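The values are calculated or read from the model by the stated rules, or taken from the named source; none is laboratory data. Predicted, not measured: the structure shown is a model, and the values here were computed from it. No Cβ is skipped: glycine too gets one built from the backbone with ideal geometry, and neighbour counts run over all protein chains shown. Surface areas here come from the heavy atoms of the whole protein model, side chains and all, with no ligands, DNA or RNA. Shrake-Rupley method; radii C 1.70, N 1.55, O 1.52, S 1.80 Å.
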Amino acid sequence: MTELIKGAKVFLDSCFLNKDILISDGIIADIADSIGPECADTVYSYDNCYVFPGFTDVHVHLREPGFSYKETIRTGTLAAAHGGYTTVCAMPNLQPVPDCYENIKIQLDIIRDSAVINVYPYGAITVGEKGEKLSDMESLSKVCVAFSDDGRGVQSDDMMLEAMKKAHSISKIISAHCEDNSLLQGGYIHKGKYAAEHGHLGICSESEWKPIERDLKLAEMTGAAYHVCHISTKESVELIRDAKQRGVDVTCETAPHYLTLSDKDLQESGRFKMNPPLRDESDRLALIEGICDGTIDMIATDHAPHSAEEKSKGLKDSSMGIVGLETAFSILYTKLVKTGIISLPKLITLMTVNPNRRFKIGSELKIGEKADLTVFDLDDEYKIDTAEFLSKGKSTPFEGDRVFGRCKMTICGGKTVWQEK
């Protein structure tokens, strides 16, 4: 089976070139100025569109096994394909928790049977994500992409030190959800002006950056590869910037909502509730500076679907988490690229090149590589409509926003997994 994509601008060597792409049996067979249609069984004409390597998201919640009423591996990967993603890393706050090989195999079997794109599961750092005893990291390391207790922070200094030593010995990344429970004090949005004016309990910035400060010291001590999840504060950016300058093996991610919204955008709706919360405008600007100067390595969605009921209880009582796979590129392109804050090649680097390199996953757009790619029309303007989402989760702060950049097709492993009808 051969397929030909003609007429598009293709992301090659950090720039865009008008090229045709020939795919044969799932592999990119040729990239050339002009390839005759007679070479392919199927020809796609995408004049004035862009071809990117399939996006990679190192932080998604697919909710299965254990919470399939929120999302399944099938619906989550369909949503990812709809958003241009061909590779995602699935977080371990599941039931059963993937803290041993027997538990993660349940997840691997579902991935094999129902995922439409590449899914790499995380192993848990501790048994049951309870922070009390290390998981079976040795056996998990053979099948997991990295280790995380996402959804809760590792509270004990000694436990994190032990985890980093073990991860370093088996050449795996510790991907940390950084949150000091002792500082939360019942908060559920950022401890800032909106919380004060509307009578809400706030989460202080220190609850995030204090654990990061601790972990950076432990990573420096152990030599462990350390990755920080969903940073949201200016202090976090500064700590990671300084650690990189000292040579600590650290990378980090932030999410589209932290780059484009702050607590001044909050509304009394569950679709604005996530963890970490939307922070102060000064934090947002620091995150922008962090992606521009390379302190922040990648953008991940923290796609966290919940049921409609769980998100219908207002800002105070709704579950924490929003969906993001189907809006990430269009939001970032519209609000960061079209406004001149970053370039389009920079955005692709943040969404594909850097996560692939750090986590040793994904594939490149080049001859001989697996055909994982996505096609976008950047001139297509539309309103975000959650009724069009393929995810079970529909809660997003960007509902109703007008954006540019619609996904026309996503190919994973040479198979078309999403195509606009």
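Place a +1 charge on the Cβ of each Lys and Arg in the chain and a -1 charge on the Cβ of each Asp and Glu, then give the dipole magnitude about the Cα centre in debye, rounded to the nearest 20.
It comes to approximately 160 debye.
Assuming 0.890 mPa s and 25 °C, estimate D for the range 11-83 with Stokes-Einstein, Rh taken as the Kirkwood radius over Cα pairs, in µm²/s.
Values: Rh = 15.3 Å.
Reported coefficient: 160 µm²/s.
Scan around Cys178 for amide H atoms under 5 Å from its own, H built in the peptide plane at 1.01 Å from N, and keep only partners 5 or more places away or cross-chain.
Counting only residues 5 or more places away or on other chains, the set is Cys229.
Summing +1 for each Lys or Arg and -1 for each Asp or Glu, what net charge is found among the other residues whose Cβ lies under 13 Å from the Cβ of Val58?
Details: positive: Arg357, Arg358, Lys360; negative: Asp57, Asp150, Glu253, Asp297, Asp302.
Cβ neighbours under 13 Å give a net charge of -2.
Run the 1.4 Å probe and let me know the accessible area of Lys313, rounded to the nearest 10 Å².
Accessible area, nearest 10 Å²: 110 Å².
Which whole-number percentage describes the relative contact order of the range 182-320, with Cα contacts under 8 Å and a sequence gap of 6 or more?
Values: 242 pairs, mean separation 34.7, N = 139.
Answer for the range 182-320 is 25 percent.
Would the range 242-382 count as rounded, prolate or oblate if I go by the C-alpha gyration tensor, calling it rounded below 1.5 in a/c and otherwise prolate when a/b exceeds b/c, oblate otherwise?
Values: a/c = 1.68, a/b = 1.37, b/c = 1.22.
In terms of gyration-tensor shape, prolate.
Percent of accessible area on the range 300-344 owned by carbon and sulfur, 1.4 Å probe? Walk me through the numbers on the way to the answer.
On the way: 740 of 1510 Å².
Summing carbon and sulfur atoms, their accessible area is 49 percent of the total for the range 300-344.
Mind giving me the FRET efficiency for Leu108 and Asp47? R0 is 51 Å, r the Cβ-Cβ distance, nearest 0.05 is fine.
Working: r = 41 Å, r/R0 = 0.80.
Approximately 0.80, to the nearest 0.05.
Rounded to a whole number, what % of the accessible area of the range 159-235 do carbon and sulfur atoms account for, probe 1.4 Å?
On the way: 1620 of 3110 Å².
On the range 159-235, the fraction of accessible area on carbon and sulfur atoms equals 52 percent.
What list of whole percents do you get for P(r) of the chain, with Cα-Cα distances grouped in 10 Å bins up to the one holding the largest distance?
So the P(r) values, bin by bin, are 5, 23, 33, 26, 11, 2, 0.
Could you work out how far apart the two model spin labels at Ser171 and Asp317 are, taking each label as a point 7 Å from the Cα in the direction of the beta carbon, and quote it in nm?
Spacing of the two 7 Å Cα→Cβ label points: 5.2 nm.
What does the extension gain come out to for Gln419 and Asp249, with contour length at 0.36 nm per residue minus their alpha carbon separation?
Numbers: separation 170, 0.36 × 170 = 61.20 nm, distance 3.90 nm.
Gain on stretching Gln419 to Asp249: 57.3 nm.
Dividing the convex hull volume of the Cα atoms of the range 42-83 by its residue count, what figure in Å³ per residue is obtained?
Numbers: hull volume 4.4 nm³, N = 42.
For the range 42-83, the hull spanned by Cα atoms encloses 104 Å³ per residue.
Between Val127 and Cys292, how many nm apart are label points set 7 Å from Cα along the C-beta direction?
Between Val127 and Cys292, the simple spin-label model gives 4.9 nm.
Mind checking the per residue accessible area of the range 247-368 for me, 1.4 Å probe, whole number of Å²? Spell out each step's value before the answer.
Working: 4040 Å² over 122 residues.
Averaged over the residues of the range 247-368, the accessible area is 33 Å².
Taking the full set of protein chains and a 1.4 angstrom probe, give the accessible area of Cys100 in square angstrom, rounded to the nearest 10.
30 Å²
For the chain, what does -39500 (n - 2.57) per DSSP helix run (n ≥ 4), summed and divided by total residues, give at 222 nm, in deg cm²/dmol to the nearest 500?
Numbers: 13 runs with 115 residues, N = 421.
The per-residue figure over the chain is -7500 deg cm²/dmol.
Within a Cβ distance under 11 Å of Lys264, other residues only, what is the Lys/Arg minus Asp/Glu net charge? All intermediate terms of the calculation are to be shown ahead of the outcome.
Details: positive: Lys193, Arg279, Arg284; negative: Glu197, Asp263, Asp265, Asp280, Glu281.
Here the charged neighbours net out to -2.
Run through the range 114-153 and list the GluC sites (Glu not before Pro) located in a DSSP loop whose Cβ has at most 16 other Cβ atoms within 10 Å.
Glu132
Students sometimes get this wrong: rank Ile384, Ile367 by accessible area, probe 1.4 Å, all chains present, largest first. All intermediate terms of the calculation are to be shown ahead of the outcome.
Values: Ile384 10, Ile367 95 Å².
The residues order as Ile367, Ile384, largest area first.
Which value, in Å², gives the accessible area per residue of the range 110-196 when a 1.4 Å probe is used on the protein heavy atoms?
On the way: 3780 Å² over 87 residues.
Counting only protein heavy atoms, the per-residue value for the range 110-196 is 43 Å².
Taking only the alpha-carbon positions of the range 133-203 and ignoring solvent, what does the Debye formula give for the base-10 log of I(q)/I(0) at q = 0.28 Å⁻¹?
Each listed q corresponds, in turn, to -1.26.
Using per-residue counts of other Cβ atoms within 10 Å, averaged over each peptide, order 335-342, 300-307 from highest down. Numbers along the way, then the final one.
Numbers: 335-342: 15.6, 300-307: 26.5.
The densest-packed peptide leads the list: 300-307, 335-342.
About the Cα centre of the range 266-365, what is the dipole size in debye to 20, counting +1 per Lys and Arg Cβ and -1 per Asp and Glu Cβ, all else neutral?
Working: 13 positive and 13 negative charges, 33 e Å.
Using only the charged Cβ atoms, the result is roughly 160 debye.
What does the convex hull of the Cα atoms of the range 358-416 come to per residue, in Å³, rounded to a whole number? The partial results should precede the final answer.
Details: hull volume 8.5 nm³, N = 59.
Output value, Cα hull per residue: 144 Å³.
Quickly work out the Thr2-to-Ile367 label distance, labels modelled 7 Å from Cα along the C-beta direction, and quote it in nm with one decimal.
Taking the simple label geometry, Ile367 and Thr2 are separated by 1.4 nm.
Got a sec? What order do Tyr188, Tyr120, Tyr50 fall in by accessible area at 1.4 Å, biggest, i.e. largest, first? Show your work: numbers first, answer last.
Working: Tyr188 20, Tyr120 80, Tyr50 50 Å².
Ranking Tyr188, Tyr120, Tyr50 by accessible area, largest first, yields Tyr120, Tyr50, Tyr188.
Compute the Cα gyration tensor for the range 203-278, then decide on rounded, prolate or oblate, letting a ≥ b ≥ c be the square roots of its eigenvalues: rounded whenever a/c is under 1.5, prolate when a/b is larger than b/c in the other cases, and oblate in all that remain.
Values: a/c = 2.74, a/b = 2.49, b/c = 1.10.
The shape class here is prolate.
If you average the C-alpha positions of the range 202-278 and of the range 281-344 separately, how far apart do those two centres end up, in angstrom?
Value for the Cα centre distance between the two parts: 13 Å.
By its C-alpha gyration tensor, with a ≥ b ≥ c as the square roots of the eigenvalues, how is the range 75-138 shaped: rounded for a/c under 1.5, else prolate for a/b larger than b/c, else oblate? Could you put the intermediate results ahead of the total?
On the way: a/c = 2.85, a/b = 2.15, b/c = 1.33.
Note, shape of the range 75-138 comes out prolate.
Sorting Glu3, Glu309, Glu381, Glu235 by accessible area (1.4 Å probe), largest first, what list results? Present the calculation step by step, with values, prior to reporting the outcome.
Values: Glu3 15, Glu309 130, Glu381 85, Glu235 60 Å².
My answer, sorted largest first, is Glu309, Glu381, Glu235, Glu3.
Please state, as a whole number in µm²/s, the translational diffusion coefficient that the Stokes-Einstein equation yields for the range 160-286 at 37 °C and 0.692 mPa s, with Rh defined as the Kirkwood radius across alpha carbon pairs. Write down the numbers at each step before the final one.
Details: Rh = 15.2 Å.
Value of D from the Cα-based Kirkwood radius: 216 µm²/s.
Using only Cα atoms and rounding to the nearest 10 degrees, what angle (0 to 90) does helix 101-114 make with the longest principal axis of the chain?
30 degrees
Which cross-chain or sequence-distant (5 or more) residues have an amide H under 5 Å from the amide H of Ala146, H modelled 1.01 Å from N in plane?
Correct list: Gly123.
For the range 1-139, calculate the relative contact order in percent as a whole number, restricting contacts to Cα pairs under 8 Å that are 6 or more residues apart. Mind dumping the intermediate values first?
Working: 269 pairs, mean separation 25.8, N = 139.
The value is 19 percent.
Which whole-number percentage describes the relative contact order of the range 265-421, with Cα contacts under 8 Å and a sequence gap of 6 or more?
Details: 231 pairs, mean separation 38.0, N = 157.
Value for the range 265-421: 24 percent.
Would you mind checking Lys9/Lys338; Lys244/Lys273; Lys70/Lys370; Lys130/Lys316; Lys165/Lys360; Lys264/Lys335 for any pair whose Cα atoms are more than 22 angstrom apart?
Numbers: Lys9/Lys338 17 Å; Lys244/Lys273 31 Å; Lys70/Lys370 31 Å; Lys130/Lys316 25 Å; Lys165/Lys360 20 Å; Lys264/Lys335 17 Å.
Beyond 22 Å: Lys244/Lys273; Lys70/Lys370; Lys130/Lys316.
Based on a Kirkwood Rh over C-alpha pairs, give the Stokes-Einstein translational diffusion coefficient of the range 1-150 at 20 °C and viscosity 1.002 mPa s in µm²/s.
Working: Rh = 17.3 Å.
Reported coefficient: 124 µm²/s.
Less than 9 Å Cβ to Cβ from Asp149, Lys/Arg counted +1 and Asp/Glu -1: what total charge do the surrounding residues give? Numbers along the way, then the final one.
On the way: positive: Lys130, Arg152; negative: Glu129, Asp150.
Once positives and negatives cancel, what remains is 0.
Just name one of Cys15, Trp209, Ala243: the one whose Cα is farthest towards the positive end of the charge dipole of the chain (beta-carbon charges, Lys/Arg +1, Asp/Glu -1).
Trp209
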